[in-house]
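The values are calculated or read from the model by the stated rules, or taken from the named source; none is laboratory data. Bear in mind the structure is a predicted one, so any value in this text is a computation, not a measurement. Methodologically, a virtual Cβ is constructed for each residue, glycine included, from the backbone with ideal geometry; neighbour enumeration extends over all protein chains shown. Accessible surface is based on the protein model in full, side chains and every heavy atom, while ligands, DNA and RNA are left aside. Shrake-Rupley method; radii C 1.70, N 1.55, O 1.52, S 1.80 Å.
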Amino acid sequence: MARRVERKPVVAVGVTIVFFAWLYLPILAVALFSLNDKKSLSSFSGFSLRWYDDLVHNEALLDSLVASLQVAAAATLGSLVLGTMLALGLERIRGRRGNLIGAVTLLPLVTPEIVTGVAALLLFTGIGLKLSLTTVVLAEITFSIAYVTVIVRGRLAGIALEVEEAARDLGCTPFQAVRLVILPMLLPALLGAGLLVFALVFDDFVLAFFTTGVDPQPLPVRVYSSIRFGVSPAINAIGTLMLLASALLIVAALVLPRLLGRGTSSLDLITGGRR
Amino acid sequence: MSSAPTTNPSVTLRGLTKRFGGTTVVDHLDLDIESGEFFSLLGPSGCGKTTTLRMIAGFSDPTEGTILVGGEDVTSTPPHKRDVNTVFQSYALFEHLDVRRNVGFGLRRKGVDRSSIDKRVAEMLELVELGDRAKDKPSRLSGGQRQRVALARALINQPKVLLLDEPLAALDLKLRRAMQAELKSIQREVGITFLFVTHDQDEALSMSDRVAIMCDGVVEQCGTPEDVYERPTSVFAAGFIGTSNLMNGLWSDGCVSVSPTVSIPAPGHQGSADGDPVSVTVRPEKIWLTEHTPGMFRLPGTIVETSYHGATTQYVVSVGPDLTLTVLEQNLPRMRAEDRWSPGDRVEAGWLPEHTVVLR
């Protein structure tokens, strides 16, 4: 046996710290300057909540916030229903055909979002659909189905096919077997997928930018257009709030499924299930 | 319940066939399972036993043939309308429901009223000795307990026949032995027909009223455990159950000549003409190396290999060129270590002619 040298991984720790600093310091700066009492974005002169006050009285921004929440809720609901149905259907297609269809459903995950956005825009204008929040929802659902399907299929793989047969054996029609047994067992995955999709859609910019109408615009689009006329610290304030809300949802996606049962949460599927 | 089969069929299969693509998995199966019987389908994996079970449950459609349950043709009845229930190999418990709701699931589907369900669930949990675990989720139970929940969940519906798909396969050996005895006693108590699928010959022999040995989609032999063990009718049946000394030879004048020097008499055998190729087999525990009795057929030989198995010792005896016999001897109280045979010892292998089984 070679002698085992136990050394502190100094380099690895250093790289990790630099990485996280690079990732989060700019965000922290945004949060910090949202509390600045001057309009300056370079020097912090004193603590104040005036930009949050500005925000609360900015009708256009608040409308956008509501619009984004509505879009996220509708897209979550839509993609949950369609994505779950797709996952249940794929479960029944075995062999090469199933693999092919499964791979096709994953395409939106790897397609550059800008391509999806342009394609959606071309489609909607081509068929004469007026751009509005509805078209944003349609585009976001198309994009989010893949996430739901991946997460639900991951959970389905852990439920033996025999469970559905057991339900039918005990007197369920195929539909009842799904409603009374499969869906309840999928609940943690559905919850996780829903929270994830909500968080993704809520602050999605690219798709929203291409497919939204004029008024009201989803929040990220509104923020982008106002930045073009100079960055107001009110943007920092709303950015900070969005960050907190998204973080809260991600944490909920991680924690809630565990509280509901021993099922794997959606984040386990992404992080590899380390606990 | 009387253990003797009556002429009251619980499951009747006629010409049951299943093909997947070009492969025939179950090939024109005819089977009659009597009411109240503990019937086992025994065979190696891929022999079609599980497919047969799935067709009876309704999860798989037969390519040809008919299935009757309690005299009623259910061939095209969907699973939820069949009067059969299944204990799955993976148990397939509903993890989101507690034990009580798992067990009561079938009765709720049938629309039985709440108080009767509660009463019957309590009785059933008592039967499988899980009365104190009613409110636990299945994930909190051990393998053996999960197995009992699966059993209770199926039995509570009082089906005409209970299908069991290798239900003990996931348990460790000791627990499996205990569950075998328990399954058997529960079956006697409830009197429901059990159709048990297994690849474990010990399990099939010790639990069943009757056993059907399956191979390549057909039943090789069907009979009581004693029938299939003592009087195998095919080379496969003899080889699959227990150890057998299988020798090939030619039939001539009431004997099977298995080598130029060895000819084994088989007085009970009929229907072969001189010169027919046949196989002959004798079970290892039927062969005696000492204390021979008059009338035994004897073959001189040499011990070439011994292996100690605790309760028994197994010897390999060479009785001719390229001809060995496996012999199983009990390690009886009067036997001491120094009394056992060692390689090189000259012995005489003897057995009663009635234990010679000739297979065509």
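Restricting the count to DSSP beta bridges whose residues both fall in chain B, what percent are antiparallel, rounded to a multiple of 5?
Numbers: 56 of 74 bridges.
The antiparallel proportion sits near 75 percent.
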So the carbon and sulfur contribution to the accessible area of the range A:50-271, 1.4 Å probe, in percent, is 71 percent
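With every protein chain kept in place and ligands, DNA and RNA left out, what is the accessible area per residue of the range B:9-235? Probe 1.4 Å, answer in Å². List each step's numbers first, then the result.
Details: 9050 Å² over 227 residues.
Value for the range B:9-235: 40 Å² per residue.
In what sequence, highest mean first, do B:176-186, B:84-94, A:218-228 appear when ranked by Cβ atoms within 10 angstrom?
Working: B:176-186: 16.6, B:84-94: 23.9, A:218-228: 18.9.
Ranked by mean Cβ neighbours within 10 Å, highest first: B:84-94, A:218-228, B:176-186.
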Ranked output for segments B:111-120, A:70-79, B:36-45 by mean other Cβ atoms within 10 Å, highest leading, reads B:36-45, A:70-79, B:111-120
Rounded to whole Å², per residue accessible area for the range B:243-359 with a 1.4 Å probe reads 52 Å²
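Just the number: Rg to Rh for the range A:50-271, Cα atoms, Kirkwood Rh, two decimals.
Values: Rg = 19.6 Å, Rh = 18.9 Å.
In the range A:50-271, Rg relative to Rh is 1.04.
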Sorted by chain and then number, the residues having a modelled amide H within less than 5 Å of the amide H of B:I264, at least 5 places away or on another chain, are B:V256, B:S257, B:V258
When B and A pair up, the total accessible heavy-atom area removed from solvent (1.4 Å probe), in Å² to nearest 100, is 1800 Å²
Scoring chain A by relative contact order with C-alpha pairs under 8 Å, at least six apart, yields a percentage of 27 percent
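If I compute solvent accessible area with a 1.4 Å probe over the protein chains, what percent of it on chain B is carbon and sulfur? Let's see the in-between values first.
Working: 7940 of 16250 Å².
Looking at chain B in its full context, I get 49 percent from C and S.
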The protein assembly as shown: antiparallel bridges as % of DSSP beta bridges, rounded to 5, reads 75 percent
Under the Karplus relation with 6.51, -1.76 and 1.60 and θ = phi - 60°, whole-Hz ³J(HN,Hα) for the range A:195-203, x at Gly and Pro, equal 5, 5, 4, 4, 5, 5, 6, 4, 10
Once amide hydrogens are built 1.01 Å from N within the peptide plane, the residues lying 5 or more places from B:V87 or on another chain with amide H under 5 Å from its amide H are B:L163, B:L164, B:D165
The equivalent-ellipsoid semi-axes of the range B:243-359, taken as the square roots of five times the Cα gyration tensor eigenvalues and listed largest first in whole Å, are 27, 14, 12
For the range B:9-235, averaging the sequence separation of alpha carbon pairs under 8 Å that lie six or more residues apart and dividing by its residue count, the contact order in percent is 29 percent
If amide H atoms are modeled at 1.01 Å from N in the peptide plane, then the residues at a separation of 5 or more from B:T63, or on another chain, having amide H under 5 Å from its own are B:T17, B:K18, B:R19
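Dividing the alpha-carbon Rg of the protein assembly as shown by 2.2 N^0.38 Å yields what?
Numbers: Rg = 35.7 Å, N = 635, 2.2 N^0.38 = 25.6 Å.
Expressed relative to 2.2 N^0.38 Å, the Cα Rg reads 1.40.
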Of the candidates B:V319, B:S206, B:I67, the farthest towards the positive dipole end of chain B (Lys/Arg Cβ +1, Asp/Glu Cβ -1, centred on the Cα centre) is B:I67
With no solvent term and unit scatterers on the alpha-carbon positions of chain B, Debye gives log₁₀ I(q)/I(0) at q = 0.09, 0.13 Å⁻¹ of -0.63, -1.04
Check: C-alpha center the range B:165-203 vs C-alpha center the range A:194-241, spacing in Å is 63 Å
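Just order B:73-81, B:244-252 by mean Cβ neighbour count inside 10 Å, highest at the front, would you?
B:244-252, B:73-81
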Residue-ordered couplings for the range B:304-313, obtained by feeding phi - 60° into the Karplus form 6.51 cos²θ - 1.76 cosθ + 1.60 and rounding to whole Hz (Gly and Pro as x), are 10, 7, 10, 9, 8, 10, x, 6, 10, 10
Sequence order, the range B:34-40: Karplus ³J(HN,Hα) from phi using 6.51 cos²θ - 1.76 cosθ + 1.60, θ = phi - 60°, Hz rounded, Gly and Pro as x, gives 7, 5, x, 7, 9, 10, 10
Distance in Å, no decimals, from the C-alpha centre of the range B:271-324 to the one of the range B:248-262 is 15 Å
In whole angstrom, the spacing between the Cα centers of the range B:31-68 and the range A:57-95 equals 46 Å
Checked against the positive end of the charge dipole of the range B:127-232 (+1 on Cβ of Lys and Arg, -1 on Cβ of Asp and Glu, about the Cα centre), the farthest of B:L155, B:T224, B:L173 is B:L155
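Across peptide B:98-107, what mean number of C-beta atoms from other chains lies inside 10 Å of a residue's C-beta?
Working: counts 0, 0, 0, 0, 2, 0, 1, 8, 6, 2.
Across B:98-107, the average partner-chain Cβ count within 10 Å equals 2.
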